[in-house]
Amino acid sequence: MGESAMTVTDNAHWHTKEAHSVAVEQSSDLERGLSSDEAAQRLLSHGPNETTRERPRPVISLIVSQFADFMNLILLAAAGISGITGDIEDALAIVALVLLNGTIGALQSVRAEHAMAEMRKLGAFRATVVRDGVRMTIPASKVVPGDVALLEAGASVPADMRLIACVQLKISEAALTGESIAVDKATITLSDDHAPLAERTDMAYMGTSVAYGSGSGIVVATGMETELGKIAALLKRVELPRTPLQNRLARFGRQLGITIAIVCLALFAMGLARGEPVTLMLLTSISLAVAAIPEALPTVLAVMLALGARNLARRHALVRKASAIETLGSVSHICTDKTGTLTLNEMHVVELTSPGCGRIAGGFHGPGVLPLLSAAAMSCSSDAGAREHMTGRWLGDPTEVAIWRAAVDAGFDATSHGEAGQRLLELPFDSKRMRMTTLYRTDAGLTAYMKGAPEAVVARCDACMGDVAATFDRAAQLAAAASMAADGERVLAVSMRSWSGLAKIDPVAESLESGHTLLGFIGMQDPPRPNARHSVDVCRAAGIAPVMITGDHPVTARAIARSLGILAEGQSVLTGPDLDALDDKALEAAIESVGVFARLDPPQKIRIVEALQARGHCVAVTGDGINDAPALTRADIGVAMGKGGTDVAREAASIVLLDDDFSTIVVGIEEGRRIYDNVRRFVRYALTGNTAEVCVVVAAPFLGLPLPLLPIQILWINLVTDGLPGLALAAEPAEPDIMRRAPRARRESLFAAGMWQHIVWVSIAMSLVTLATQGFAWSTDQAQWQTMTFTVLSLSQMGYVIAIRSARRSVFELGLLSNRALAGAVALTFALQIAAIYVPFMNTVLRTEPLDAWQLACSLALSCVVFVLVEFEKYVRRHELFRRTRHASRREAPLR
């Protein structure tokens, strides 16, 4: 079976070919499968069985990009100028700073790339195939055309397959076709060349899942050649190399750079006019420009986003696009699926109704007729309907599994249905009869059990179990079932009939399914996840409106939405047909008052998303199927399901939930808001310190003072203050009220909420303190005046970075160690600054001189001034907020 024998043909017509013909075309064997050698060759020829992913950047590219930064090139040019003019020490110091800064950035980029590569592996799954006649489990990515793959309940179909064996096989193809009901599969060859995917019952497609039964098939297409892969290819889109916020920061940096360049040119000209050395003024101007321009902003943002992605991965959310974390903080609406996201995606028995006991919440607990109801329900089940795996996981039809699990939880033996006697026959459930019946022989005679839709079962009963009136009231019983259905439950009726002794009956449906005694009704529901209600409440408090979008019946959707708090007072339920009846303007006007969309086709999600976006909202959408991919792409944040989702949905999404849990989305929003707050903290910190440095250097000559800082000192401040302390702000915990704020506006400026004013007054205050230090020390003829100036400016920024950890709360309330990374960075920076003052080698490189005890004490005291001022500003804000809150509460209090 060599490579040359392998024929690659269009897989559109595999469903019209006999299984043995497909095996011949694929040069495979239906019994033994491929040989291991042949499979290895085909893997090389066809490539991995996966959708195309972006290639990771080479490590060398990540390193080069750090050192090729424009500002680093300017610094290297400055080092060259210093070397040419004979100032070798300054040249070496500048080069060392560039290497240190670039190395730190490169290591962070490599770590971020490695973390993303590791997170991509989380989406992998495995497949069972037959090779060399031996059954084996391999990574699904290594499945090749010609493989014989085995399918069982709960497994994902690893590739496009022509089925060769089916045992009650049902496959859920909702992800591919949008059809919510599992499709019955068979091996019978079809004749229609143009049959749609949903009607190709002899095929199984990649990305779908086995709902029931088992089977096997021969793989005819893998990877991008599958039906799923073809759709994935249509959904490819070019990603921006930077997030929108990074682009805004880069644009702001360029604009600031032009301003700084003009200031530095003026400084250079002014220095020359004063008679300062040309080389000194040139190096000072270049150093000041490098220090003043926050060129590290995009890099720091990338690091913050990478760390945020890692944090979310630990909390079961895989971030595929870094911009998603940034956008999460703006989300105002979450359009979420119901099944599996808000609910457990498992049917559970939640209520029973029996003629003698009434409605009883819970499982098969209680006196009287309930044990009989349980035994009858278990006996009236398919032999393969439900079974408990050795791992404790239940497998089989969801309805049967729910009944059996509830019965076992109530204390019934999983084999107790065998006590009904010997099973003689089974009339299986079908969509026309809407019921199933089993017949048993016991010592007492024969017993038939029937289970199905209430209207189908009650019509065949002429009595009921329990203390009720002699006249059987079918209408009353159906009303009881309807009451359960109105609460969003799926209702089954259970009945029985017995024949004593050696009675002979005709084993046909008409005889077995008449004259029954109604035992009661079983109400089942896919219950909400335990933490779903709390997550919805958190969303409401955060100003985020959850919207349920489901294909379920409106009654079921309404019941679940009300129990979770999604359907607020005054909100309505809108169905798919109702949605189609509205034009875009009408939908846009009504969208705010709709809490639930039911009986909805996946493509209709796009209209909902666009209507919300047209009203200025930032929208997150969840989905798991191929038909959901357009809506995931159109949304501001696309969220795919990691457990039950398809590869196409995951590729189209920005975030993949590894646990398919709605609460994980809420966790992601909280993390997104925290990261955005920390980005604002870093921008505030960096711009304030940089502006103060510029003001000090530019203002000193106007005040008749010499240049306060040397070029190497400016670069040192830029390295030790903007480096570790700035990055450590990424670890700042979220504020307690972070999920009690309204979402920020989509186009809100990074400098909103008074940030500009804060930067201006604090930078002026910091520069005045520094200039006052220089003026006093220089006027009193202290030789260490420049070192004192250098120290005050550097350590003032350390006090400032500690103070801005919160906009309102005091540092003493926060605790100095609540951000250990920042505490460590500040301590290290302080130690480095002290070393710059007292270590002889550092004195030589940085042109500093040791301070005596009085000078050091004065420098440390003056460095605390900015910290005290910012803490006082927060104190005023807290009391102003308290005054407003108290005033508002008094106005809202009722008159007495």
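The values are calculated or read from the model by the stated rules, or taken from the named source; none is laboratory data. Just so we're clear, the structure is a prediction, and the values are computed from it rather than from any experiment. Cβ: placed from backbone, ideal geometry, glycine included. Neighbour counts: every protein chain shown. In case anyone asks, the SASA skips ligands and DNA or RNA and just uses the protein heavy atoms, side chains included. Shrake-Rupley method; radii C 1.70, N 1.55, O 1.52, S 1.80 Å.
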**Asked** Which value, in Å² and to the nearest 10, is the accessible area of HIS348 when all protein chains are kept and the probe is 1.4 Å?
**Response** 50 Å²
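Run the numbers for SER593 and ARG474: contour at 0.36 nm per residue of separation, minus the present Cα-Cα distance, in nm. Can you show the working numbers first?
Values: separation 119, 0.36 × 119 = 42.84 nm, distance 3.96 nm.
Contour length minus the Cα-Cα distance gives 38.9 nm.
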**Message:** Along the Cα→Cβ direction, 7 angstrom out, place labels at ASP184 and THR137. What is the inter-label distance in nm?
**Reply:** 3.2 nm
**Request:** Pull up all non-local amide H partners of ASN345: gap of 5 or more, or a different chain, and H-to-H distance under 5 Å with H placed in the peptide plane.
**Result:** GLY340
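How high is the FRET efficiency from HIS879 to GLN168, r the C-beta distance, R0 56 Å, rounded to 0.05? Write out the running numbers ahead of the final one.
On the way: r = 72 Å, r/R0 = 1.28.
For R0 = 56 Å, the calculated efficiency reads 0.20.
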**Complete:** Pseudo-spin-label distance ALA823 to ARG433, built 7 Å along Cα→Cβ, given in nm, is 7.2 nm
**Asked** Quick one: which of 863-870, 584-591, 536-543, 219-226 comes out on top by average Cβ neighbours within 10 Å, and what's the full order, highest first?
**Response** 219-226, 863-870, 536-543, 584-591
**Message:** Give me the extension gain from PHE841 to LEU860: residue separation times 0.36 nm, minus the current Cα-Cα distance, reported in nm with one decimal.
**Reply:** 4.6 nm
**Item:** ³J(HN,Hα) computed for each position of the range 220-225 - Karplus, 6.51 cos²θ - 1.76 cosθ + 1.60, integer Hz, glycine/proline x
**Value:** 10, 7, 10, x, 6, 8
**ILE262/PHE872 FRET efficiency (R0 45 Å; Cβ-Cβ; nearest 0.05)** = 0.85
**Item:** Rounded FRET efficiency, nearest 0.05, which uses the C-beta distance separating PHE125 from ARG540 and R0 of 41 Å
**Value:** 0.70
**Prompt:** So what's Rg/Rh here for the range 469-573, counting alpha carbon atoms and using the Kirkwood radius for Rh?
**Reply:** 1.21
**Request:** Could you state the accessible area per residue of the range 763-820 in Å², with a 1.4 Å probe and every protein chain left in place?
**Result:** 37 Å²
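Per residue, how much accessible area does the range 627-745 show when a 1.4 Å probe rolls over the protein heavy atoms, in square angstrom? Intermediate results must be reported in sequence, preceding the final value.
Working: 2890 Å² over 119 residues.
Ligands and nucleic acids excluded, the figure is 24 Å² per residue.
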**Fill in**
Residue-ordered couplings for the range 672-681, obtained by feeding phi - 60° into the Karplus form 6.51 cos²θ - 1.76 cosθ + 1.60 and rounding to whole Hz (Gly and Pro as x), are x, 5, 4, 5, 5, 4, 5, 5, 4, 4
**Message:** I'd like the Karplus ³J(HN,Hα) series for the range 330-346: coefficients 6.51, -1.76, 1.60, θ = phi - 60°, whole numbers in Hz, and an x wherever there's a Gly or Pro.
**Reply:** 9, 4, 10, 9, 10, 8, 10, 5, 8, 5, x, 9, 8, 10, 7, 6, 9
**Item:** Protection proxy ranking of 456-463, 528-535, 700-707 - average other beta-carbon atoms within 10 Å, highest first
**Value:** 456-463, 528-535, 700-707
**For GLU351, distant residues with modelled amide H under 5 Å away** = GLY362, GLY523
**Message:** Using amide H atoms built in the peptide plane, which far-off residues or other-chain residues are under 5 Å from ALA165 H to H?
**Reply:** SER216
**Message:** On a straight-distance basis, which lysines could pair with LYS874 in a cross-link, Cα separation under 17 angstrom, same-chain partners fewer than 8 positions away excluded?
**Reply:** none
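Using only alpha carbons, build the gyration tensor for the range 716-838 and give me the equivalent ellipsoid semi-axes, biggest first, whole Å.
So the equivalent ellipsoid measures 31, 18, 12 Å along its semi-axes.
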**Request:** Calculate the translational D of the range 568-637 in whole µm² s⁻¹ from Stokes-Einstein, where the hydrodynamic radius comes from the Kirkwood formula applied to all Cα pairs, the temperature is 25 °C and the viscosity 0.890 mPa s.
**Result:** 199 µm²/s
**Message:** Assuming 0.36 nm per residue, please report the length gained on full extension of the stretch ASP193 to SER514 beyond their Cα-Cα distance.
**Reply:** 111.1 nm
**Prompt:** If each of LYS585 and GLU455 carries a label point 7 Å out from its Cα toward its Cβ, how far apart are those two points in nm?
**Reply:** 4.1 nm
